[in-house]
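A short worksheet on the structure shown next.
The values are calculated or read from the model by the stated rules, or taken from the named source; none is laboratory data. Given the structure is predicted, the values throughout are model-derived calculations rather than measurements. Here Cβ is always computed from backbone atoms with ideal geometry, including for glycine, and neighbour counts include all displayed protein chains.
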């Protein structure tokens, strides 16, 4: 056997490799590290035997303990439902007004509604319910169909312009430009009138002419002063809250070829109790109105 070479300074055995005068030492790993490594190997082998681990053609090894994450989450969900069963039953039996007058029910309904909102509503209305262009802000007090608990619940149950639900809330605005109901000049004049009644800078002469056209074509739905009509789902035009934009281009576009959003009906997707909780939560965001 060849002679063992050792480093002159440390006395450690070398591997025999050398680069640019630097020798590679054959320093053994610390004992504690080796024993730790061996322990993790043994633990890993034991884990793959006890729990699901190895993928197979049509599944995976089940493990001798018979545990899996699907069973565990199902058990946790069942325990959570059992813990909430009493409160859920009370909410199911109570009216919306009764829920708001019971502090415990109100707190529980808000918490459940917040959870339902995060799962089903934030995609359109935002995590803070502030909305976006084309998606209403649920924090303000401008409600196209009404902001009472009952009105919100109806909107949640049946949706807006949701064809699959026969009881959906529905409103249609004529395509005044596309269908030739108004001429381009008349659309400009009505646009100026809408700018004027909403407190924005407008051409006075055009707005005056537009007021006549507005009275003949728009007031039946939006009101003589642009105050809106919740029974018809017609938005107010005299405030500073706009769903599709408030500048000249946006208003003229909406008159010419209106955009009309769709909200799904949640009644087949969420149970009645969840809809109640969601209505209570949305109503509590700050813009909810008293029940008439």
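For the reader, a short list of remarks on this structure follows.
- Matching helices (runs of 4 or more DSSP H) fully within the stretch 146-218 where at least 2 residues are in contact with a helix residue (DSSP H, G or I) (Cβ under 6 Å, 6 or more places away or on another chain) and farther than 30 Å from residue 110 by Cβ: 184-197, 204-217
- Being at pLDDT 95 or above and surrounded by 13 or more Cβ atoms within 10 Å (Cβ to Cβ) holds for only one residue in 94, 39, 53, and it is 94.
- In the stretch 202-225, the count of residues that are loosely packed, with under 14 Cβ neighbours inside 10 Å, closer than 16 Å to residue 260 by Cβ and touching a residue at least 12 places away in the same chain (Cβ under 8 Å) is zero.
- One residue alone among 252, 272 is over 15 Å from residue 121 (Cβ atoms), in contact with a helix residue (DSSP H, G or I) (Cβ under 8 Å, 6 or more places away or on another chain) and outside the structural domain of residue 188 (by TED's automatic domain parsing), and that residue is 272.
- Against the test of being outside the structural domain of residue 237 (by TED's automatic domain parsing) and free of Cβ contacts under 8 Å to residues at least 24 places away in the same chain, the options 75, 96, 106, 138 yield a single qualifying residue, 75.
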